[in-house]
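So the structure is just underneath, and the comments pick up after that.
Bear in mind these aren't lab numbers, they're just calculated from the coordinates by the rules spelled out. What you see is a predicted model, and the numbers here were worked out from it, not measured in a lab. Cβ coordinates were reconstructed from backbone atoms using ideal geometry, including for glycine residues, and neighbour counts include every protein chain displayed.
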Amino acid sequence: MPIVKTIALLVVLVAIAIGGRLWMMGNDASQPQATQQTIGGPFTLVNGQGETVSDQQFRGKYMLVYFGYTFCPDVCPTALQVMAEALDQLPPETAAKITPIFISIDPERDTPEHVGQYVTHFYPTLIGLTGSPEQVKAAAAAYRIYYAKVEEKGADPSAYLMDHSAILYLMGPDGSFLSHFGHDTTADTMALRLKKLVQ
Ligand code: NI
């Protein structure tokens, strides 16, 4: 191949490579935003009084949203305790701007009344929600929460465990995703971050 043609081909290849790279970088830059926007969304569930509740009722307040189940032996109680400790560390005017919400992913056993009772053990303003299997499924999907029944052969069928994501989400007053806390977050760290994020 003549040298001129080779150089011309190289220039074209480099241009394609740079173009592709820029295109990918452009995509990368827009990715986190797109992901954050898709966490959360509309839900219709049932509260401890048996009333239908939608996400719209929490607009104007920050929401701390956690999905779990009342029969959870350790993960859920620990997460709710840490959240309560963090809220206790906030100035009362900041804590008052936050509605903590516990959503059951075990509608089979967690009746509205049972969930409503359960949450009172953790924090005075914690709201417990559940719903029909379809309502719970839709809410969990909106928040990208994974959950599944753990089937154990020979075990008492009513004493099953649930596998579930253990993430606490902070949502803004407009319902949009602001931040999340993993199960390893301490109450002190959570309180510090909440003080910065909740205005
Ligand atoms: Ni749990």
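If you plug the beta carbon distance of residue 38 and residue 155 into 1/(1 + (r/R0)^6) with R0 = 35 Å, you get a FRET efficiency near 0.45. Computed from backbone phi, the HN-Hα couplings of segment 46-56 come to 10, 8, x, 8, x, 8, 6, 10, 10, 4, 4 Hz, rounded to whole numbers (Karplus: 6.51 cos²θ - 1.76 cosθ + 1.60, θ = phi - 60°; Gly and Pro given as x).
Our coupling estimate for segment 84-96, obtained by passing each phi through the Karplus curve with A = 6.51, B = -1.76, C = 1.60 and θ = phi - 60°, is 4, 4, 5, 5, 5, 7, 7, x, x, 5, 6, 4, 5 Hz, Gly and Pro reported as x.
With R₀ set to 30 Å, the beta-carbon distance separating residue 199 from residue 113 gives a calculated FRET efficiency near 0.25. In this structure, the amide hydrogen of residue 40, modeled 1.01 Å from its nitrogen in the peptide plane, lies closer than 5 angstrom to those of 143, 144, counting only residues at least 5 positions away or on a different chain. For residue 161, the residues whose modelled amide H falls within less than 5 Å of its own, excluding neighbours fewer than 5 places apart on the same chain, are 150. Looking at the square roots a ≥ b ≥ c of the eigenvalues of the Cα gyration tensor of segment 81-199, which shape do they give, rounded for a/c under 1.5, prolate if a/b is larger than b/c, or oblate? Cα axes put segment 81-199 in the prolate bin.
Within the straight-line cut-off of under 17 Å between alpha carbons, the lysines reachable from residue 97 are 61, 195, 196, sequence neighbours fewer than 8 places apart in one chain being disregarded. Taking amide H as placed 1.01 Å from N in the peptide plane, the amide H of residue 69 sits under 5 Å from that of 105, each at least 5 places away or on another chain.
Rounded to the nearest Hz, the phi-derived 3J(HN,Hα) couplings of segment 126-143 under the Karplus curve 6.51 cos²θ - 1.76 cosθ + 1.60 (θ = phi - 60°) are 5, 9, x, 10, 8, x, 6, x, 5, 5, 5, 4, 5, 5, 5, 5, 4, 9, where x marks glycine and proline.
By the gyration tensor of its Cα atoms, with a ≥ b ≥ c the square roots of the eigenvalues, what is the shape of segment 133-190: rounded for a/c under 1.5, prolate for a/b over b/c, or oblate?
Taking the square roots of the gyration eigenvalues as a ≥ b ≥ c, segment 133-190 is oblate.
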